[in-house]
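Colleague: Just passing along the structure, written as structure tokens.
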Amino acid sequence: MSAGAASITLERGGLARRTSDALFRRPALLLTLLLVPPLLWLGIVYLGSLFALLAQSFFSIDEFSGLINYEFTLSTYRELFRLANLDVIIRSLVMATAVTLASVVVGFPIAYFAARYARGKWKALFYLAIMLPLWSSYLVKVYSWKLILAKEGIITWIAQKLHLVWLLDAVLAIPVIGGPSLSISYLGTFLVFLYVWLPFMILPTQAALERVPGNLIEASADLGAHPGQTFRTVIFPLALPGIIAGSIFTFSLTLGDYIIPQIVGTSSYFLGQAVYTLQGTAGNIPLAAAFTVVPIVIMGLYLWIAKRMGAFDAL
Amino acid sequence: MTTAVRFQRVSRHFGTVRAVDDVTLDIAEGEFFAMLGPSGSGKTTCLRLIAGFEQPTSGHIEIFGETAEGVPPYRRNVNTVFQDYALFPHMNVLDNVGYGLMVRGVSKAQRDKRSLEALALVELAGFEARRPGQLSGGQRQRVALARALVNEPKVLLLDEPLGALDLKLREQMQVELKTLQRNLGITFVFVTHDQGEALSMADRVAIFNEGKIVQVGVPEDIYERPRRRFVADFVGSSNVLTPDFSARTGGPHKWASLRPEKIDIWREETLPDATVRHCEAKVISVHYQGAVTRIATQAGGQLLSATIPSGSAKVSPGDIVTLAWPAGALHVMEDEA
């Protein structure tokens, strides 16, 4: 070959060029470099601290000195199943379930509209409306809800203007969920939970619905399915992974939250509050750790059941 | 003969776009009817009007004598094979095929029996338990076909069903679809942009352009006797002769079509008699296509292409040749001169 012939490789120079050339030739090295930092984070900092916490639940506290006894025991778990603690668990479970179901019912139509009908400007407006509440402080939102739900609040005022005070009173008179006012009742806690976690249900549901091709819905109608049947047999099953993803958020966030029930609601404890009090003022780290195991076990069971029911078949 | 589908002055407008513009059409029962045209010509919208996914802006549609306007797709005894098959990804092949029966409340046992028969019909026995994602393009196409046929539709609509298949499979499916249609006697309405497909399969072909039907007829008519320049050009890429060129070579002063395969390269010393028309032309390019060679030439301002058996003449770009064709090969069209 003559010296004047052009080489097929371009002249290369500089450290950055040579580095990228080296990484091009060794894709495994690139993958390692990309994955090691997050894996270290996930493995040591994240999972490590979680396991350290879980390990605490197998220790016990000395009732007289208040010191932790570092010997393996299941006595903390025995304590967890005492009636008062069981009460907290059941209360949190019922609340989380109610909030999750309600966010599916409220969130699905919104997600459906956004995925199937909203275009361009409307879609941008949808995202703004869903995300906007997430931009403001969580505490501010919860306190404003306390004002909205209070006896002197806007809901009572509207009820008065519409001559519907009797209805509000009737709702508040319902045993268990009612109370002296909405801001001091389970119903109020429920409403605030629903408001705060709703975006976490809408967004994954909308993403799942977006991926359902329009021609599947046409095909279903073409084969003789009326809209209700199409919804049950095509749209809902295909959106289910998104709904499950959303319900993981709403369910676990409700299970773990300790601020909302403290500000809006009755004085009875939810899981998060129990953990907060036990590790703080009470200093009972083992029992607090045992309490944190509860939502993890519940979520594990929930996902297992969802998988068994075929919720992830469409993934 | 019963009319399966009747369009009376049907239009479908989307805003200012006239997707379907004043179409009048009759499709007979048991017919294999092809709608052929370039993309955006309105053929798919016509299909969607029959299926019920679109409602006409104006005009009247009848399916087996019954008014179709306002009838939703799920109450029409018409089924569609979609372009990309639209199989339900969360159901196996058997449930996909049995879907139409399931929503009509047919019992599980009956449904499975008929679905298996439909799968056997499209030669997919043994694939019941697979998911659509585990099938090849050709197999999915067959599942889509079985899923439509199991409902015993009065009209089967096919929206470019072979478009996603490779050539070999497409040719095989063309033969199978035609055989299937003949055996079942169901009216097939087939949308395609592939003229070869339309001509080889259909009993009658409608040529669409810009929302209108340009010509309807049996394949021979469409191919041999195009009524418009558009048809001549679109179906098999005929030579469209300008009125001036047509007159100069001894024809009438009208737009005319001349099939490339009718043109020969004249190599004798003496010029042919009056029954043979001829002209001098300059060769622009030569395309070897296997059995035939396509030669593009220019005669004055007129482009002419000729297909001749490969090896019958040695020509190269830049040569001046004499093109000749029988006077009867010229087909005069209806376009204004």
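The values are calculated or read from the model by the stated rules, or taken from the named source; none is laboratory data. Computed from a predicted model, the values in this text were never measured in an experiment. Reconstructed Cβ throughout: ideal geometry from the backbone, glycine too, with neighbour counts over all protein chains shown. Note: areas computed on protein heavy atoms with side chains; ligands, DNA, RNA excluded. Shrake-Rupley method; radii C 1.70, N 1.55, O 1.52, S 1.80 Å.
Colleague: Does A:Thr230 fit the bill of being more than 24 Å from A:Leu125 (Cβ to Cβ), more than 7 Å from chain B (Cβ to nearest Cβ) and among the β-branched types (Val, Ile, Thr)?
Modeller: Criteria met by A:Thr230.
Colleague: Just checking: which of the strands (runs of 3 or more DSSP E) contained wholly in segment B:212-291 hold 3 or more residues that are open to solvent by less than 20 Å² (accessible area, probe 1.4 Å) and not assigned by TED's automatic domain parsing to the domain that holds B:Phe32?
Modeller: B:256-258, B:276-288
Colleague: For segment B:179-198, which positions are touching a residue at least 60 places away in the same chain (Cβ under 8 Å) and crowded, with 17+ Cβ neighbours inside 10 Å?
Modeller: Within segment B:179-198, B:Gln181, B:Ile186, B:Thr187, B:Phe188, B:Val189, B:Phe190, B:Val191, B:Thr192, B:His193, B:Gln195, B:Glu197, B:Ala198 meet the criteria.
Colleague: Go through segment B:50-88 residue by residue and tally those that are in contact with a strand residue (DSSP E or B) (Cβ under 9 Å, 6 or more places away or on another chain), away from every other protein chain (no Cβ under 14 Å) and surrounded by fewer than 19 Cβ atoms within 10 Å (Cβ to Cβ).
Modeller: Count: 9.
Colleague: May I pose another question? Within segment B:4-27, which residues are open to solvent by 40 Å² or more (accessible area, probe 1.4 Å) and not acidic (Asp, Glu)?
Modeller: Once the filter is applied, which keeps residues that are open to solvent by 40 Å² or more (accessible area, probe 1.4 Å) and not acidic (Asp, Glu), segment B:4-27 yields B:Arg6, B:Gln8, B:Arg9, B:Arg12, B:His13, B:Phe14, B:Gly15, B:Thr16, B:Val17, B:Arg18, B:Thr24.
Colleague: Just one of the numbered conditions (1) under 30 Å from A:Phe231 (Cα atoms); (2) open to solvent by 50 Å² or more (accessible area, probe 1.4 Å); (3) free of Cβ contacts under 8 Å to residues at least 60 places away in the same chain is not true of A:Ile177; which one?
Modeller: That leaves (1) as the condition not met.
Colleague: Could you check, for segment B:12-28, whether at least one of its residues is under 20 Å from B:Ile222 (Cα atoms), among the aromatic types (Phe, Trp, Tyr) and not in a helix (DSSP H, G or I)?
Modeller: No, every residue in segment B:12-28 fails to be under 20 Å from B:Ile222 (Cα atoms), among the aromatic types (Phe, Trp, Tyr) and not in a helix (DSSP H, G or I).
Colleague: Then there's this: If B:Arg111 satisfies all but one of (1) surrounded by fewer than 22 Cβ atoms within 10 Å (Cβ to Cβ); (2) more than 13 Å from every other protein chain (Cβ to nearest Cβ); (3) touching a residue at least 12 places away in the same chain (Cβ under 8 Å), what's the number of the condition it fails?
Modeller: Tallying (1) surrounded by fewer than 22 Cβ atoms within 10 Å (Cβ to Cβ); (2) more than 13 Å from every other protein chain (Cβ to nearest Cβ); (3) touching a residue at least 12 places away in the same chain (Cβ under 8 Å), B:Arg111 fails exactly one: (2).
Colleague: Something else: So B:Leu94 passes all but one of these: (1) part of a helix (DSSP H, G or I); (2) farther than 26 Å from B:Lys113 by Cα; (3) hydrophobic (A, V, I, L, M, F, W, C). Which condition number does it fail?
Modeller: The one condition B:Leu94 does not meet is (2).
Colleague: For segment B:28-49: of the residues being buried (at least 24 other Cβ atoms within 10 Å of the Cβ) and in contact with a helix residue (DSSP H, G or I) (Cβ under 9 Å, 6 or more places away or on another chain), which is nearest to the other protein chains (Cβ to nearest Cβ)?
Modeller: B:Met35
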